[in-house]
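Participant: My questions will all concern the structure given below.
What follows is calculated from the coordinates using simple rules that are stated; it is not laboratory data. If you're wondering where the values come from, they're calculated on a predicted model, not measured in any experiment. Neighbour counts are summed over all protein chains in view; Cβ atoms, including those assigned to glycine, are modelled from backbone coordinates with ideal geometry.
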Ligand code: A4P
Ligand code: MG
């Protein structure tokens, strides 16, 4: 793991935004490998598409939530760049598609790659297709643990709690 100093939401150069992105996979991708290899390749794809990769969390294995029976690999990455949240979501969805993700069918079905925006340095964002913070992230150990590893002091703008606090709270409850 490469850890970021500070909160993760600190301003970088002017016009630079930071995003904390959660990664998940529970399917093999031919030519790449199993879920862990898919997530490593997804981080490389972010870097190739112009993002500065600030920190990458150690991957965790997690039991599936929802209808899929396959175990997931999950992770988190802190990236920096000049794209606004809408452009960032498009970028993440383009990478998901390049990794064989099909958006048809049931929600939460098994997938080769899921990239969700958990937090960004601009605070809260509500648009027709995008909500930041991600509405479910506080309930998910497989998001909180990797996220708290790379940005422990970053505060959730809704609850005011840091990622470390949210991860510790969730760990005690589950
Ligand atoms: N959208 C809204 N807000 C956001 C955001 N902050 N980041 C919209 C990304 N997308 C956001 O997502 C559906 C729509 O959510 C997008 O078109 C976007 O406009 P999707 O990725 O197409 O579909 P999905 O992944 O099936 O839905 P969602 O809600 O992202 O599912 P989740 O919450 O990601 O759950 N179990 C384990 N152990 N590990 C996992 O990673 N993941 C899921 C998927 C279920 N169970 C899991 C895991
Ligand atoms: Mg998603």
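Participant: Based on DSSP H runs of at least 4 residues, each adding -39500 (n - 2.57), what is the mean residue ellipticity at 222 nm of the chain after dividing by all its residues, to the nearest 500 deg cm²/dmol? Could the numbers behind the result be given before it?
Facilitator: On the way: 4 runs with 49 residues, N = 174.
It lands at -9000 deg cm²/dmol.
Participant: If you take the C-alpha gyration tensor of region 37-101, multiply each eigenvalue by 5 and take the square root, what semi-axes do you get, largest first, in whole Å?
Facilitator: Semi-axis lengths for region 37-101 are 23, 14, 11 Å.
Participant: Going by average Cβ neighbours within 10 Å, how do the peptides 90-96, 75-81 rank, with the highest at the top? Please report the intermediate quantities before stating the final value.
Facilitator: Values: 90-96: 17.1, 75-81: 24.7.
Ranked from most to least packed, the peptides come out as 75-81, 90-96.
Participant: Using Cα springs under 10 Å in a Gaussian network model of the chain, which residue among 41, 57, 22 shows the largest mean-square fluctuation?
Facilitator: 41
Participant: May I pose another question? What is the distance in Å between the Cα centroid of region 47-62 and that of region 115-174?
Facilitator: 16
Participant: Volume per residue, Å³, of the convex hull around the alpha-carbon atoms of the chain?
Facilitator: Numbers: hull volume 19.4 nm³, N = 174.
It comes to 111 Å³ per residue, whole-number rounded.
Participant: Under 8 Å for C-alpha pairs, at least 6 residues apart: give me the relative contact order for region 17-173, rounded to a whole percent. Kindly include the intermediate steps, with their values, before the conclusion.
Facilitator: Details: 295 pairs, mean separation 43.3, N = 157.
Rounded, it is 28 percent for region 17-173.
Participant: Taking 0.36 nm per residue of separation and subtracting the Cα-Cα distance, what length does fully extending residue 36 through residue 86 add?
Facilitator: Details: separation 50, 0.36 × 50 = 18.00 nm, distance 2.71 nm.
Separation in residues times 0.36 nm, less the Cα-Cα distance, equals 15.3 nm.
Participant: Would you mind calculating the gained length between residue 15 and residue 28 on full extension (0.36 nm times residue separation, minus the Cα-Cα distance), in nm to one decimal?
Facilitator: Numbers: separation 13, 0.36 × 13 = 4.68 nm, distance 3.69 nm.
Working it through step by step, the gained length comes to 1.0 nm.
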